[in-house]
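Taking it in order: structure first as structure tokens, then the write-up.
A short reminder: the numbers here are calculations on the coordinates, not readings from a lab. The shown structure was predicted, so the numbers you read here are calculated from the model rather than taken from an experiment. With ideal geometry, Cβ positions are generated from the backbone for all residues, glycine too; neighbour counts draw on all protein chains shown.
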Amino acid sequence: MNIQIFGTRKCRNTQKAERFFKERRVPFHFRDLTEKGISKGELENIKHSIPLEDLIDRESKQYKNRNLDYMIFNIEEELLGDALLFKTPIVRNGRITTIGYQPEIWSKWIKEK
């Protein structure tokens with residue numbers, strides 16, 4: 001099992017995801033989106049599981065600050081340019097990806113390993 005968590009330190013759901021895996025002693029790699037965004041290759045892998053439309057957080061402060069409600073834009077370009085537009089946490093286990101706090105799915109991953 002190769003768990004990666006993409007999120008921000010301030011995000012409550014990201015903190016809960018980290019706690020979930022720590023409590024079960026499952027090693028994971030954390031990537032803080034405020035420090036380093038998601039590469040084009042990583043985004044391609046994530047897109048296999050989750051549509052681009054579901055990855056952008058239309059309720060976030062960043063989305064509102066950039067006035068994206070009133071613009072026509074390419075979602076992929078915006079996500080690659082500004083990692084704070086992603087819904088978090090994005091949790092990857094190899095090629096399988098979840099978005100948001102999904103303990104039921106993560107528990108299945110742990111049982112299957």
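Relative contact order for the stretch 3-112: 37 percent, from Cα pairs under 8 Å spaced at least 6 residues apart, divided by residue count. Between the Cα long axis of helix 12-23 and the first principal axis of the chain there is an angle of about 20°, rounded to the nearest 10.
Listed here are the pairs LYS10/LYS64; LYS47/LYS87; LYS87/LYS113; LYS22/LYS47; LYS61/LYS111; LYS87/LYS108; which of them are more than 25 Å apart at the Cα? Beyond 25 Å: LYS87/LYS113; LYS22/LYS47; LYS61/LYS111.
Annotation: Cα Rg of the stretch 3-112 relative to the compact-globule expectation 2.2 N^0.38 Å equals 1.06. Of the GluC sites (Glu not before Pro) found in the stretch 43-113, the ones in coil according to DSSP and having at most 14 other Cβ atoms within 10 Å of their Cβ are GLU59.
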